[in-house]
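Colleague: The structure's right below; bear with me while I get my questions together.
The values are calculated or read from the model by the stated rules, or taken from the named source; none is laboratory data. Everything quoted here is computed from the prediction, not taken from an experiment. As a convention, Cβ positions derive from the backbone with ideal geometry for all residues, glycine included, and neighbour counts pool all protein chains shown.
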Amino acid sequence: MSKNDGMPFWKPHALATPHANQIDLRIGDTVQTTVDLPGVAAGTSGKVILANGFNWQRYRVLFTNGAEVGDLDARQIAATGRAAKRLAKAAKRA
């Protein structure tokens, strides 16, 4: 367990790896919504605060408007900033 800005978070389980067509985000990665979500308009930025799942990799995100939404995946969010660059680099290697 570690702390980030006073919030505890846990290391993801070793088996929690994304499958084909899933987004591979890490705790602290920045994202943006691609669709409207309850309390969050499309295009709102946020930060991943939890990466969870074995078969279905999903994320809990704290958005800049203060909303916190869980069970998000590539259908609702897209990586931005350094996370997007990391994913693009990994896609080139594959």
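Colleague: From the list 91, 83, 79, 51, pick out the single residue that is modelled with pLDDT under 90 and buried (at least 19 other Cβ atoms within 10 Å of the Cβ).
Modeller: Numbers: 91 fails: buried (at least 19 other Cβ atoms within 10 Å of the Cβ); 83 fails: modelled with pLDDT under 90; 79 fails: modelled with pLDDT under 90.
One residue alone meets the criteria, 51.
Colleague: OK, next. Being modelled with pLDDT of 95 or more and surrounded by fewer than 16 Cβ atoms within 10 Å (Cβ to Cβ) is the filter here, so list the residues in the range 56-66 that pass it.
Modeller: 62, 64, 65, 66
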